[in-house]
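Novice: One structure follows; several queries about it will come next.
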Amino acid sequence: MAQLVAPNVKFHSSWLEASAEFAGVRQDGAGADGWSQEDLKDLQAFGRFVQTLINDALPETPRKPGHVPCTYLWMVDGATFLGSLAIRHELNGYLLNEGGHIGYSVRPSARRRGHAAEALAAALPIARDLGITRALLTCDEDNAGSRATIEKNGGVYEDSRNGKRRYWIDTFQRNAPANAWHANPQDAAT
């Protein structure tokens, strides 16, 4: 059964395979910016990466200027890493205009199967529990798949800015549907 889980070193091999599929394209919601793919092949380095992702949810964690606390979740099915999802706890100027509260990416070999829509549905109650009453989601103007994912989850289009479509979802009106993924962000990270 596919689910959202906390980042975990047990997905090391599958994460590396998925990351290679992106072939240098940025993975939204992955938190991997600044981490070398080559370095992450080392299990100890990958463990530090995983712990950094987990710690980023804590308000007291030091972070780069302009970055906000963020809960990172991984889409998995059994031992297979399917993608990443990030819930940004607050909006700064960039996130308000272009990035949004929630970002996600699905590995290319697992796309067009509804994983993003189901993961987003499972993430909305988590966002609500973080105090996000209205979640902002964005997508590129030409990204029909992401647009459909957001609209399927109740996204209401507000406007477009800098090539990004902006949608709002009221998290208090959204409960994960019965067929949505199981969300277990508290799974152990080791």
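The values are calculated or read from the model by the stated rules, or taken from the named source; none is laboratory data. For clarity, every value in this text was computed on a predicted model and none was experimentally measured. Reconstructed Cβ throughout: ideal geometry from the backbone, glycine too, with neighbour counts over all protein chains shown.
Novice: How many residues are without any contact (Cβ under 8 Å) to a residue 12 or more places away in the chain and of a type in the set (F, W, Y) if we restrict to the range 88-101?
Specialist: 0
Novice: Could you count how many residues in the range 121-131 are crowded, with 22+ Cβ neighbours inside 10 Å and touching a Ser or Thr at 6+ places or on another chain (Cβ under 6 Å)?
Specialist: So the count comes out to 2.
Novice: For the range 78-114, give me each residue that is within 15 Å of A18 (Cβ to Cβ) and surrounded by fewer than 21 Cβ atoms within 10 Å (Cβ to Cβ).
Specialist: G78, A79, T80, P108, S109, A110, R111, R113
Novice: Scan (1) over 18 Å from the mean Cα position of the chain (by Cα); (2) farther than 29 Å from D129 by Cα for the single condition R48 breaks and write down its number.
Specialist: Single failed check for R48: (2).
Novice: OK, next. Filter the range 132-160 down to the residues that are under 21 Å from W74 (Cα atoms) and surrounded by fewer than 16 Cβ atoms within 10 Å (Cβ to Cβ) and list them by number.
Specialist: Of everything in the range 132-160, those that are under 21 Å from W74 (Cα atoms) and surrounded by fewer than 16 Cβ atoms within 10 Å (Cβ to Cβ) turn out to be G145, A148, K152.
Novice: G31 - would you say it is farther than 23 Å from T133 by Cα, at pLDDT below 95, in contact with a strand residue (DSSP E or B) (Cβ under 6 Å, 6 or more places away or on another chain) and not hydrophobic (A, V, I, L, M, F, W, C)?
Specialist: Considered against the rule, which asks whether it is farther than 23 Å from T133 by Cα, at pLDDT below 95, in contact with a strand residue (DSSP E or B) (Cβ under 6 Å, 6 or more places away or on another chain) and not hydrophobic (A, V, I, L, M, F, W, C), G31 comes out as yes.
Novice: To continue, here is another question. Pick from G100, G114: which is modelled with pLDDT under 95 and not hydroxyl-bearing (S, T, Y)?
Specialist: Testing whether each residue is modelled with pLDDT under 95 and not hydroxyl-bearing (S, T, Y) leaves just G114.
Novice: Another question, then. Which residue pairs have Cβ atoms closer than 9 Å, lie 6 or more positions apart in sequence or on different chains, and pair a first residue in the range 63-76 that is surrounded by fewer than 17 Cβ atoms within 10 Å (Cβ to Cβ) with a second residue that is among the hydroxyl-bearing types (S, T, Y)?
Specialist: Pairs found: G66/Y94.
Novice: Of the conditions (1) under 14 Å from the mean Cα position of the chain (by Cα); (2) under 24 Å from W168 (Cα atoms); (3) surrounded by fewer than 16 Cβ atoms within 10 Å (Cβ to Cβ), D33 clears all except one; give me its number.
Specialist: The number of the failed condition is (2).
Novice: Sticking with this one: Looking only at the range 102-131, which residues are part of a loop (DSSP other than H, G, I, E, B), over 15 Å from Y72 (Cα atoms) and touching a residue at least 12 places away in the same chain (Cβ under 8 Å)?
Specialist: Once the filter is applied, which keeps residues that are part of a loop (DSSP other than H, G, I, E, B), over 15 Å from Y72 (Cα atoms) and touching a residue at least 12 places away in the same chain (Cβ under 8 Å), the range 102-131 yields R107, R111, R112, G131.
Novice: Among the residues of the range 62-87, how many are more than 9 Å from the chain's Cα centre (by Cα) and in a strand (DSSP E or B)?
Specialist: Residues that pass the stated criteria total 6.
Novice: Out of all the residues in the range 1-35, which are in a loop (DSSP other than H, G, I, E, B) and of a type in the set (D, E, K, R)?
Specialist: The answer is R26, D28, D33.
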